[in-house]
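Asks: Please read through the structure below; I'll follow up with questions.
The values are calculated or read from the model by the stated rules, or taken from the named source; none is laboratory data. Quick caveat, the model's predicted, so the values are computed rather than measured. Heads up, the Cβs are rebuilt from the backbone with ideal geometry, glycines too, and the neighbour counts pull from every protein chain shown.
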Amino acid sequence: MQTINLSNEATKTRRITVIDALRGFALLGVILMHMLQRFGIFSGVRPDESLFPMLDEAIQWLSQNVIMGRFINIFACLFGLSFFIQMDSAAKKGIDFRKRFLWRMAILFVIGVIGNCFFTADILSIYAVFGIIMVFLFPLKNWILILIASLLLLGAPRALMTGYDRIVKTEQVSETSQPARRPAMSNTAKPSFINSAKENLTFKLQGKLNYQFGMYGRGYITLALFILGLVIGRLRFFEDVQTKQKRNIILFFGFALSSAVISLILNLIPQEPLNFRMLMTPGFDISFALLAVTALNDIQIVIFSGALALGFIVLYQIKSIGKYLDVLTPYGRMGLTNYEMQGILGAFIFSAWGFGAIFGTWGTTEVFALGLVVYAIQIIISHYWLKKFRYGPLEWLWRSGTYLKWQPLRKA
């Protein structure tokens, strides 16, 4: 394997670029998954008869077994890592960055709410809340942080909610077990961005919060990944990532093998008695078997995400491959801008008030290809933008808001 020989200063620069490139890689999976889900938007039309049935089936398998939940996990973990880098950098300068970071999260929350007007599953407002929690977790020792992350991954919040529900269960269960009805807004109101934003911030927001903090508990996995990102930062993993290539390869195979073993165990467990939809529907009794299998599935997905990230890092260290993967570095540096633009473009593409009448009829293969095209265009824009400017547009606004002072944008 041909590797890159670097000086100490160059190694430091390479360490930063691999983080940015990895973030860009994570956002590839994010946009592809959201495209396949049509950004959670139903425009009133349905896909036409499939033009590529076999390819559609292959892409659906890829989305379910490789993309869904995996790439966004990498994105979340890198947020925790970025939190550590900011806190550590400030500490080296003798600065207490905690209050500034809390303000920074308040700004991110606002950005997330605005993004949520376009795309109901925009995650930034949730990230902002977790970022505040991270400030209070920061003083804890690594073993305590790992313990908290482990409990979250094992489904402790889900188990506590199940126990609580069984204790306080009343006769109202029969009423609460009925899923909330979706307002028939699309039938009574003219499709428009305003109406779509209202729905995203009301009814769909309830579904989002249930998905994040209800029995499904996606938000608890995200918080665990934030914590693990912090621990990875403390262990200085990326500071010597270029010099410890053997370690990275061993870790990759370890994560890949662990993921495969857990996946095999899950496949041996009979799935028929387990109704996973119960996790999204209030009022149902959740069995211990379902709790255990869900926790095992969450752990498998997180470990798979680790294998993906390490596989990318290993490939990035190979000179002949890394020079091509490095094209993702500008994309990752503008991760906030690119993530938000994905949601905005998704709204325009699939909404009834946008081009939903056209793209809503596209099949799985077509929207997957469209996601790749959008991603490629964003890569090109990011590359040329950062040639002239220091930060992406949203990154610049966020940084300026953080310090309450306009930051220099254009390069000298």
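Asks: Quick one: how many residues across region 198-254 are hydroxyl-bearing (Ser, Thr, Tyr), touching a Lys or Arg at 6+ places or on another chain (Cβ under 6 Å) and within 30 Å of Lys319 (Cβ to Cβ)?
Replies: If we filter region 198-254 for residues that are hydroxyl-bearing (Ser, Thr, Tyr), which is where we start, we get 202, 211, 216, 220, 222, 243.
If we keep only those that are touching a Lys or Arg at 6+ places or on another chain (Cβ under 6 Å) as well, we get 211.
Right, trim to within 30 Å of Lys319 (Cβ to Cβ) and you get none.
Qualifying residue count for the region: 0.
Asks: Within region 29-50, work out how many residues are assigned to a helix (DSSP H, G or I) and either touching a Leu at 6+ places or on another chain (Cβ under 9 Å) or closer than 18 Å to Lys208 by Cβ (or both). Walk me through how you get there before you give the answer.
Replies: First, the residues of region 29-50 that are assigned to a helix (DSSP H, G or I): 29-36, 38-40.
If we keep only those that are either touching a Leu at 6+ places or on another chain (Cβ under 9 Å) or closer than 18 Å to Lys208 by Cβ (or both) too, we end up with 29-35, 38-40.
Of the residues in that region, 10 qualify.
Asks: Identify all residues within region 193-232 that are basic (Lys, Arg) and over 17 Å from the mean Cα position of the chain (by Cα); write none if there are none.
Replies: Lys198, Lys204, listed by residue number.
Asks: Would you call Ala412 of a type in the set (Gly, Ala, Ser) and either in contact (Cβ under 8 Å) with a residue 40 or more places away in the chain or in contact with a Pro (Cβ under 6 Å, 6 or more places away or on another chain) (or both)? It would help to see each step written out before you state the result.
Replies: Numbers: of a type in the set (Gly, Ala, Ser): yes; either in contact (Cβ under 8 Å) with a residue 40 or more places away in the chain or in contact with a Pro (Cβ under 6 Å, 6 or more places away or on another chain) (or both): no.
No.
Asks: Being charged (D, E, K, R), within 18 Å of the chain's Cα centre (by Cα) and not in a loop (DSSP other than H, G, I, E, B): is that true of Glu366 here?
Replies: Details: charged (D, E, K, R): yes; within 18 Å of the chain's Cα centre (by Cα): no; not in a loop (DSSP other than H, G, I, E, B): yes.
Answer is no for this residue.
Asks: Return yes or no: is Ile221 modelled with pLDDT of 95 or more and buried (at least 20 other Cβ atoms within 10 Å of the Cβ)?
Replies: Details: modelled with pLDDT of 95 or more: yes; buried (at least 20 other Cβ atoms within 10 Å of the Cβ): yes.
Taking the combined requirement at face value, the residue satisfies it.
Asks: Given the criteria surrounded by fewer than 15 Cβ atoms within 10 Å (Cβ to Cβ), more than 19 Å from the chain's Cα centre (by Cα) and not in a loop (DSSP other than H, G, I, E, B), does Val373 qualify?
Replies: Numbers: surrounded by fewer than 15 Cβ atoms within 10 Å (Cβ to Cβ): yes; more than 19 Å from the chain's Cα centre (by Cα): yes; not in a loop (DSSP other than H, G, I, E, B): yes.
Yes; evaluated as a whole, the condition is true for this residue.
Asks: For region 190-229, give me each residue that is among the aliphatic types (A, V, I, L, M) and not in a loop (DSSP other than H, G, I, E, B). Break it down into steps so the answer makes sense when it comes.
Replies: Narrowing region 190-229 to residues among the aliphatic types (A, V, I, L, M): 194, 197, 201, 205, 209, 215, 221, 223-225, 227-228.
Ile194, Ala197, Leu201, Leu205, Leu209, Ile221, Leu223, Ala224, Leu225, Ile227, Leu228 - these are the residues of region 190-229 that are among the aliphatic types (A, V, I, L, M) and not in a loop (DSSP other than H, G, I, E, B).
So that you can scan it fast, the table gives a plain yes or no per residue for (1) closer than 25 Å to Ser287 by Cα; (2) at pLDDT 80 or above; (3) outside any helix (DSSP H, G or I); (4) not small (Gly, Ala, Ser):
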residue: Arg182; (1), (2), (3), (4): no, no, yes, yes
residue: Val231; (1), (2), (3), (4): no, yes, no, yes
residue: Thr243; (1), (2), (3), (4): no, yes, yes, yes
residue: Leu251; (1), (2), (3), (4): no, yes, no, yes
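Asks: What pairs come out if I take residues in region 91-110 that are touching a residue at least 24 places away in the same chain (Cβ under 8 Å) and farther than 15 Å from Ser125 by Cβ and pair them with residues that are of a type in the set (Ser, Thr, Tyr) and surrounded by 14 or more Cβ atoms within 10 Å (Cβ to Cβ) whose C-beta lies under 7 Å away, six or more apart or interchain?
Replies: Arg100/Thr402; Trp103/Thr402
Asks: Just give me the residues in region 381-412 being within 21 Å of Phe97 (Cβ to Cβ), surrounded by 17 or more Cβ atoms within 10 Å (Cβ to Cβ) and hydroxyl-bearing (Ser, Thr, Tyr), in sequence order. Spell out how you get there, then give the answer.
Replies: Going residue by residue through region 381-412, those that are within 21 Å of Phe97 (Cβ to Cβ) are 390-391, 394-408.
Cutting the leftovers down to surrounded by 17 or more Cβ atoms within 10 Å (Cβ to Cβ) gives us 391, 394-399, 401-402.
Residues satisfying the conditions are Tyr391, Thr402.
Asks: Then there is this: Quick test for you: out of Gly360, Gly356, pick the one residue that is surrounded by 22 or more Cβ atoms within 10 Å (Cβ to Cβ), closer than 30 Å to Val45 by Cα and at pLDDT below 95.
Replies: Sole residue among the options that is surrounded by 22 or more Cβ atoms within 10 Å (Cβ to Cβ), closer than 30 Å to Val45 by Cα and at pLDDT below 95: Gly360.
Asks: Looking at this structure, is Val66 in a helix (DSSP H, G or I), surrounded by fewer than 16 Cβ atoms within 10 Å (Cβ to Cβ) and under 15 Å from the mean Cα position of the chain (by Cα)? Spell out the reasoning first.
Replies: Details: in a helix (DSSP H, G or I): yes; surrounded by fewer than 16 Cβ atoms within 10 Å (Cβ to Cβ): yes; under 15 Å from the mean Cα position of the chain (by Cα): yes.
So Val66 passes the test.
Asks: Let me ask another. Going residue by residue through region 93-105, is there one that turns out to be modelled with pLDDT under 95 and either closer than 18 Å to Gly214 by Cβ or polar (S, T, N, Q) (or both)?
Replies: So far as region 93-105 goes, no, none of its residues is modelled with pLDDT under 95 and either closer than 18 Å to Gly214 by Cβ or polar (S, T, N, Q) (or both).
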